[in-house]
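Student: Okay, here's the structure, questions in a sec.
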């Protein structure tokens, strides 16, 4: 059976997917003894197994493929639902997390919101840091997660103003306020770049 490439060699000099997955697992294991992040680290690129070999070494769409494959994979291993959900969402979101520094502030808030809802707010930055060895941690991640978790009132949003707004406009308005709060919490030094 031929080896599956991890991706283009300029991004994956280790070559094959198995070696890459073991390296990511080893890096996460050095950061935590928690089995959930370790499991997600080992299988974060599960979706690459669905790539048509004619498209190698690229694996476009592997994030969504992994999301779709995670439930069946975890069910087959008789793992708890927490593992299914965590692997599915780590598979889907790790690519965005790996590009954290390039994301707009509003995209950072959306990513933190998805991770918090999926229960992987603590897992995703570990897998991302391990996936891109040597890269700086996700600066501002903890602030983004904290901001996503606070109420509209704590964001300074007037309840009457919010209720007077058309329902369809409310999520965008709240996202804008959360984005402003993130920018304020990071300051000019961390936002630059």
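What follows is calculated from the coordinates using simple rules that are stated; it is not laboratory data. In this text the structure is predicted, and so the values were computed from the model without any measurement. Cβ placement follows ideal geometry from the backbone for every residue including glycine, while neighbour counts extend to all protein chains displayed.
Student: If R0 is 45 Å, what FRET efficiency do you get for residue 104 and residue 75 from their C-beta distance, rounded to 0.05?
Tutor: So, using R0 = 45 Å, E works out to roughly 0.80.
Student: Can you tell me how segment 1-120 classifies by the Cα gyration tensor, rounded, prolate or oblate, using a/c under 1.5 as the rounded cut?
Tutor: Rounded.
Student: Hey, another quick one. Full extension from residue 68 to residue 16: what is 0.36 nm times the residue separation minus their Cα-Cα distance, to one decimal in nm?
Tutor: Working: separation 52, 0.36 × 52 = 18.72 nm, distance 2.22 nm.
Residue separation times 0.36 nm, minus the Cα-Cα distance, leaves 16.5 nm.
Student: Taking a ≥ b ≥ c as the square roots of the Cα gyration tensor eigenvalues, with a/c under 1.5 meaning rounded and otherwise prolate when a/b beats b/c, else oblate, which class fits segment 115-171?
Tutor: It comes out prolate by the Cα gyration axes.
Student: Another question about this same structure. Would you mind giving the average projected area, over all directions, of the Cα convex hull of segment 17-191 in nm² with one decimal?
Tutor: Across all orientations, segment 17-191 yields a mean hull projection of 11.9 nm².
Student: What residue among 38, 55, 85 shows peak mean-square fluctuation when the chain is described by a Gaussian network model with Cα springs under 10 Å?
Tutor: Between 38, 55, 85, it is 55 that shows the largest mean-square fluctuation.
Student: Here is a further query. Kindly provide the helix-only [θ] at 222 nm of the chain, computed as the sum of -39,500 (n - 2.57) over DSSP H runs of four or more divided by all residues, to the nearest 500 deg cm²/dmol?
Tutor: After summing the helix terms and dividing by residue count, I get -19000 deg cm²/dmol.
Student: What full-extension length gain, to one decimal in nm, is calculated for residue 167 and residue 133 as 0.36 nm per residue of separation minus the Cα-Cα distance?
Tutor: Details: separation 34, 0.36 × 34 = 12.24 nm, distance 4.31 nm.
Length gained between residue 167 and residue 133: 7.9 nm.
Student: Classify segment 60-159 as rounded, prolate or oblate from the Cα gyration tensor: take a ≥ b ≥ c as the square roots of its eigenvalues, call it rounded if a/c is under 1.5, otherwise prolate when a/b beats b/c and oblate if not.
Tutor: Oblate.
Student: Expressed as an acute angle from 0 to 90° and rounded to the nearest 10, what is the orientation of the C-alpha long axis of helix 62-76 relative to the principal long axis of the chain?
Tutor: Approximately 70 degrees, to the nearest ten.
Student: Tell me, what is the FRET efficiency for residue 184 and residue 29 to the nearest 0.05, using R0 = 41 angstrom and their Cβ-Cβ distance as r?
Tutor: Efficiency for this residue pair is about 0.70.
Student: Here is a further query. Sort largest first and round to whole Å: the equivalent ellipsoid semi-axes of segment 57-111, each the square root of five times a Cα gyration tensor eigenvalue. Provide the component values of the computation, followed by the final result.
Tutor: On the way: eigenvalues 121, 40, 9 Å².
Working through the eigenvalues yields semi-axes of 25, 14, 7 Å.
Student: Continuing with the same structure: Give the peptides 110-120, 167-177 in descending order of average Cβ contacts within 10 Å, highest first.
Tutor: Working: 110-120: 19.2, 167-177: 12.4.
The peptides rank, most packed first, as 110-120, 167-177.
Student: Averaging sequence separations of C-alpha pairs under 8 Å and six or more residues apart, then dividing by the length of the chain, give the relative contact order as a whole percent. Intermediate results must be reported in sequence, preceding the final value.
Tutor: Values: 230 pairs, mean separation 34.1, N = 193.
Relative contact order here is 18 percent.
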